[in-house]
1. Working only within the range 220-243, note down all residues that are open to solvent by 80 Å² or more (accessible area, probe 1.4 Å) and either at pLDDT 80 or above or small (Gly, Ala, Ser) (or both).
2. Please go through the range 271-280 and pick out each residue that is open to solvent by 40 Å² or more (accessible area, probe 1.4 Å) and either without any contact (Cβ under 8 Å) to a residue 12 or more places away in the chain or part of a helix (DSSP H, G or I) (or both).
3. Here is a list: Arg96, Arg84. Which entry is of a type in the set (Lys, Arg), in contact with a Ser or Thr (Cβ under 7 Å, 6 or more places away or on another chain) and touching a residue at least 40 places away in the same chain (Cβ under 8 Å)?
4. Any chance you could count how many residues in the range 51-84 are open to solvent by 70 Å² or more (accessible area, probe 1.4 Å) and within 11 Å of Arg11 (Cα to Cα)?
5. Taking the stated definitions as given, is Ala82 at pLDDT 85 or above, over 16 Å from Glu168 (Cβ atoms) and among the aliphatic types (A, V, I, L, M)?
6. Quick test for you: out of Tyr26, Tyr40, Tyr48, pick the one residue that is surrounded by 13 or more Cβ atoms within 10 Å (Cβ to Cβ) and at pLDDT 90 or above.
7. Here are Asp260, Asp256: which of them is open to solvent by less than 80 Å² (accessible area, probe 1.4 Å), among the acidic types (Asp, Glu) and without any contact (Cβ under 8 Å) to a residue 12 or more places away in the chain?
8. Residues in the range 51-89 that are assigned to a helix (DSSP H, G or I), out of contact with any Phe, Trp or Tyr (no Cβ under 9 Å at 6 or more places or on another chain) and over 14 Å from Arg253 (Cβ atoms): how many?
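The values are calculated or read from the model by the stated rules, or taken from the named source; none is laboratory data. Given the structure is predicted, the values throughout are model-derived calculations rather than measurements. Don't worry about glycine lacking a Cβ; one is built from the backbone with ideal geometry, like all the others, and counts go over all protein chains shown. Ligands, DNA and RNA are stripped out before the accessible areas are found, and what is left, the full protein with its side chains, is counted by its heavy atoms. Shrake-Rupley method; radii C 1.70, N 1.55, O 1.52, S 1.80 Å.
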Amino acid sequence: MPPVFAHGRLRLYLLKLLDEAPRHGYEVIRLLEERFQGLYAPSAGTVYPRLAKLEAEGLVTHATEGGRKVYSITEAGRAELADRGGELADLELEIRDSVTELAAEIRDDVRGAAGDLRREMRAAASASATRVDDESWKTIKEEMSKARQEWKEQARRAKDESRRAREEAQQARRQAKEAQERAREEVQRIAGQLQEQFAKSGGVLGSLAGAWLGGGTTPTAPTQPSAPADSAAPPVADTGWAEDLTPTGDPARDLDRLLDRFRDDVRDAARDHGVSAAQLAEARAHLAAAASRLKAALNGA
């Protein structure tokens, strides 16, 4: 029996099934059997421990319905699934190959069984030195015909499943690539809006935003009130900022991660260097202006 799932791949496919809809353990086992056209069905001892491990890692959760645990994917689970989109496409191809190998084994088993049956028939006829009557021979021929037909049907189903898995894998790869491109473009657009807004806002917050967007070090807050915003030089921004944040395919989630990064940088600067009353008043004004412009931009104004 060839391995159906390589190491760690069943875990990924369980996340895919739960991303489609919440399911209980028996339903997961049944779906896997359907995906493999009845050629493979994992045992409960294979599926349930992996579901429990995914739950312990915070990737799935469960609710009890009718005395059974119904598992659902969490946001962390969806994030891991999005990060491993290319690997999931490869997994679809691996499943196709596994179905093909299992079908080949069934074909060989059927051929071997037919050969054994012929040999047994010859041995029995030789030992008894009698002819097999017409009715018995007819029954044997029908059984052999039925076995050949069953093998042909299984081979056809395996071929159809292989073609479907290949098409789904190709589509999944295209979708994953398109989603990554859209997320990257959205993040760059939002970063550009933040850069433009903070470039217009001088003073402490403008300098901090310039360093933050440009990938530089966080500036030290001055002990005296800063110069008016009109006299501050616009910061030099680096459009490659925040490339370490891998896009999730959800622009709203990516924007939340950008804002979290900005908030953390501002808090770190305040904790490390302190904030005066004048700096707080100036930061409040800049934040109000930035919030207004960002809301207008996100509303499509």
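1. Ala233
2. Those that are open to solvent by 40 Å² or more (accessible area, probe 1.4 Å) and either without any contact (Cβ under 8 Å) to a residue 12 or more places away in the chain or part of a helix (DSSP H, G or I) (or both): Arg271, Asp272, His273, Ala277, Ala278, Leu280.
3. On the way: Arg84 fails: in contact with a Ser or Thr (Cβ under 7 Å, 6 or more places away or on another chain).
The match here is Arg96.
4. In the first step, residues of the range 51-84 are kept if they are open to solvent by 70 Å² or more (accessible area, probe 1.4 Å); the result is 53, 56-57, 64-69, 75, 78, 83.
Filter once more, keeping what is within 11 Å of Arg11 (Cα to Cα): 53.
Result for the range 51-84: 1.
5. Numbers: at pLDDT 85 or above: yes; over 16 Å from Glu168 (Cβ atoms): yes; among the aliphatic types (A, V, I, L, M): yes.
When the stated conditions are applied, Ala82 passes them.
6. Details: Tyr26 fails: surrounded by 13 or more Cβ atoms within 10 Å (Cβ to Cβ); Tyr40 fails: at pLDDT 90 or above.
Testing whether each residue is surrounded by 13 or more Cβ atoms within 10 Å (Cβ to Cβ) and at pLDDT 90 or above leaves just Tyr48.
7. On the way: Asp256 fails: open to solvent by less than 80 Å² (accessible area, probe 1.4 Å).
Result of the check over Asp260, Asp256: Asp260.
8. Let us first name the residues in the range 51-89 that are assigned to a helix (DSSP H, G or I), namely 51-56, 75-83, 85-89.
Now drop any that are not out of contact with any Phe, Trp or Tyr (no Cβ under 9 Å at 6 or more places or on another chain), which leaves 52-53, 56, 75-83, 85-87, 89.
Then drop every residue that is not over 14 Å from Arg253 (Cβ atoms), which leaves 52-53, 56, 85-87, 89.
Of the residues in the range 51-89, 7 are assigned to a helix (DSSP H, G or I), out of contact with any Phe, Trp or Tyr (no Cβ under 9 Å at 6 or more places or on another chain) and over 14 Å from Arg253 (Cβ atoms).
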